[in-house]
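Worksheet: the structure to be examined is printed underneath.
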Amino acid sequence: DDIHLQSSVYIQDMHTFDALSYGPWSAIWCRHTLEHALAPYVVMMNFRRHLMDGCKLYVVLPGPGWDTMPLHYSPMTVGQFLALAHKTGFEPRNYSTVYVKGLGAPEGCPNDVELWFDMVAV
């Protein structure tokens with residue numbers, strides 16, 4: 001089920017994203033989600049289909065410390081994700097590695113690193 005948050009913000013399961021009839025949108029924010037996708041290529045193509053040319057896609061992936069988590073079906077390196085972005089109609093504009101200290105986590109955990117991508121639909 002769609003959850004309507006505001007007039008132009010929606011949350012939906014990425015595996016049923018193809019069912020959306022509204023759009024196109026000016027931006028999509030996807031944080032700690034794509035690594036759980038069974039088919040990240042399909043998800044990225046759906047993102048592209050729902051974005052107008054020149055509009056933004058923001059993706060945050062977990063750092064390499066999470067690459068063995070059982071529910072991460074599609075862990076990606078920076079290079080793998082950038083290749084996927086190009087194949088699905090996005091031009092990366094900015095990439096950064098961000099340190100995020102987890103609440104109650106010991107300092108320096110490998111899962112404290114996030115990969116942030118800022119892209120534009122081309």
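The values are calculated or read from the model by the stated rules, or taken from the named source; none is laboratory data. Small disclaimer: the values here were computed from a predicted structure and weren't measured. Heads up, the Cβs are rebuilt from the backbone with ideal geometry, glycines too, and the neighbour counts pull from every protein chain shown. Ligands, DNA and RNA are excluded from the accessible area calculation, which covers all protein heavy atoms including side chains. Shrake-Rupley method; radii C 1.70, N 1.55, O 1.52, S 1.80 Å.
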### Query
Looking at segment 47-68, which of its residues are surrounded by 15 or more Cβ atoms within 10 Å (Cβ to Cβ) and of a type in the set (Gly, Ala, Ser)?
GLY63
### Task
Identify the residue in segment 37-88 that is β-branched (Val, Ile, Thr) and under 15 Å from the mean Cα position of the chain (by Cα) and, among all such residues, is nearest to TYR99 (Cα to Cα).
VAL60
### Message
Of everything in segment 83-99, what is touching a strand residue (DSSP E or B) at 6+ places or on another chain (Cβ under 7 Å) and either in a strand (DSSP E or B) or open to solvent by 50 Å² or more (accessible area, probe 1.4 Å) (or both)? Give them in sequence order.
### Response
PHE90, GLU91, PRO92, ARG93, ASN94, TYR95, SER96, THR97, VAL98, TYR99
